[in-house]
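Can you read through this structure? Questions will come right after.
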Amino acid sequence: MTPATSGSRAPASDRERALIGVLALQGDFAEHIASLRACGVEGIEAVEVRTLEQLAAVDGLIIPGGESTTIARLLIAFGLMEPLRDRIRAGLPAWGTCAGAIMLANEVTNLDRPPIAAMDITVERNAFGRQIDSFEADLDIAGMEGPPLRAVFIRAPVITRAGAGVEVLSRIEDGRIVAARQGRLLATSFHPELTADHRMHALFARMVLGAMASSAVGTT
């Protein structure tokens, strides 16, 4: 599917499908695109986002895993950092996975560029060690039906503080937070795009559709 290239967005009520973008500057964006297309939620279209025009066209955005310092530098280099902050402040649903969760956090340890700083959480980078220390775990996700979610952790961060308005969705066995939500913002320490379980992508897709429905009601 070809990403939208127009900088102006049609009202949500005038479009048949929600455009969910995946930031495609670095990291495993292709896997997120595939997971969105396989998640079973109708009324969505997955597109890559690299430009201001593409960012302006989407109804929700996934910031994928990768290398957080590289993603921060590329957002600045491509002129996307401030426009992305502005769109999130204006209500754009956003989901950060692994490095993407780092980028959404208000506070981050050892990041050499400012994050997007949209979510009232503190994140510790590489909390589990190096790549060799990667692991998988079964997680119970608040509000998610079915069996535990198999989660892949690769040089993963953890959420060390969740503000008063943040809902903790999941913890690992030692109690550390690995998934949280604040309104239209979602952060996960793990890589749900690397498994065949697409329930996290379905959750975010429904968040985007819900935000679109609320916006449509507000404009009528």
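The values are calculated or read from the model by the stated rules, or taken from the named source; none is laboratory data. None of these values were measured; they are calculated from a predicted model. Methodologically, a virtual Cβ is constructed for each residue, glycine included, from the backbone with ideal geometry; neighbour enumeration extends over all protein chains shown.
State yes or no: is Glu48 surrounded by fewer than 21 Cβ atoms within 10 Å (Cβ to Cβ), over 16 Å from Ala94 (Cβ atoms), out of contact with any Cys (no Cβ under 8 Å at 6 or more places or on another chain) and modelled with pLDDT of 95 or more?
Details: surrounded by fewer than 21 Cβ atoms within 10 Å (Cβ to Cβ): yes; over 16 Å from Ala94 (Cβ atoms): no; out of contact with any Cys (no Cβ under 8 Å at 6 or more places or on another chain): yes; modelled with pLDDT of 95 or more: yes.
Taking the combined requirement at face value, the residue does not satisfy it.
I would also like to ask the following. Given the residues Ala24, Ala57, Ala12, which is the only one that is over 16 Å from Ile102 (Cα atoms), modelled with pLDDT under 95 and hydrophobic (A, V, I, L, M, F, W, C)? Full working, then the answer.
Details: Ala24 fails: modelled with pLDDT under 95; Ala57 fails: modelled with pLDDT under 95.
Checking each option against the conditions leaves just Ala12.
Inside segment 24-57, can you point out the residues that are within 14 Å of the chain's Cα centre (by Cα), closer than 23 Å to Ala211 by Cβ and assigned to a loop (DSSP other than H, G, I, E, B)?
Ala24
Looking at segment 114-136, which of its residues are surrounded by fewer than 16 Cβ atoms within 10 Å (Cβ to Cβ) and over 20 Å from the mean Cα position of the chain (by Cα)?
Gly129, Arg130, Gln131, Ile132, Asp133, Ser134, Phe135 - these are the residues of segment 114-136 that are surrounded by fewer than 16 Cβ atoms within 10 Å (Cβ to Cβ) and over 20 Å from the mean Cα position of the chain (by Cα).
Which residues, counting only those in segment 195-212, are surrounded by fewer than 20 Cβ atoms within 10 Å (Cβ to Cβ), in contact (Cβ under 8 Å) with a residue 24 or more places away in the chain and over 16 Å from Leu149 (Cβ atoms)?
Ala211
Also, quick follow-up: Any idea which residue in segment 178-194 is farthest from the chain's Cα centre (by Cα), counting only those that are of a type in the set (A, V, I, L, M) and crowded, with 21+ Cβ neighbours inside 10 Å?
Within segment 178-194, the subset of a type in the set (A, V, I, L, M) is 178-180, 185-187, 194.
Filter once more, so that each one left must be crowded, with 21+ Cβ neighbours inside 10 Å: 178-180, 185-187.
Numbers: Val178: 13, Ala179: 11, Ala180: 11, Leu185: 7, Leu186: 6, Ala187: 6 Å.
Out of the qualifying residues, it is Val178.
Moving to a separate point now. Within the set of pairs 6 or more residues apart or between chains, which connect a residue that is within 18 Å of Ile154 (Cβ to Cβ) inside segment 93-114 to a residue that is assigned to a helix (DSSP H, G or I) and of a type in the set (Asp, Glu) with Cβ atoms less than 8 Å apart?
These pairs meet every condition: Thr97/Glu193.
Which one of Leu111, Leu92 is modelled with pLDDT of 95 or more, crowded, with 16+ Cβ neighbours inside 10 Å and part of a loop (DSSP other than H, G, I, E, B)?
Working: Leu111 fails: modelled with pLDDT of 95 or more.
From the options Leu111, Leu92, the qualifying one is Leu92.
Can you tell me which residue among Gly165, Gly143 is surrounded by fewer than 22 Cβ atoms within 10 Å (Cβ to Cβ), in contact (Cβ under 8 Å) with a residue 12 or more places away in the chain and either in a helix (DSSP H, G or I) or at positive phi (or both)?
Only one candidate passes the filter, namely Gly143.
Could you figure out which of (1) modelled with pLDDT under 95; (2) surrounded by fewer than 22 Cβ atoms within 10 Å (Cβ to Cβ); (3) part of a strand (DSSP E or B) isn't true of Gly66?
Failed condition: (3).
Kindly evaluate Ala127 against the criterion of being on the phi > 0 side of the Ramachandran plot, of a type in the set (A, V, I, L, M, F, W, C) and not in a strand (DSSP E or B). Steps first, please.
Values: on the phi > 0 side of the Ramachandran plot: no; of a type in the set (A, V, I, L, M, F, W, C): yes; not in a strand (DSSP E or B): yes.
So Ala127 does not fit the description; no.
So, one more: Here are some residues: Gly79, Gly100, Gly60. Which one is of a type in the set (Gly, Ala, Ser) and more than 15 Å from the chain's Cα centre (by Cα)? Please lay out each step first, then the result.
Values: Gly100 fails: more than 15 Å from the chain's Cα centre (by Cα); Gly60 fails: more than 15 Å from the chain's Cα centre (by Cα).
Step by step, each of Gly79, Gly100, Gly60 is checked, and only Gly79 is of a type in the set (Gly, Ala, Ser) and more than 15 Å from the chain's Cα centre (by Cα).
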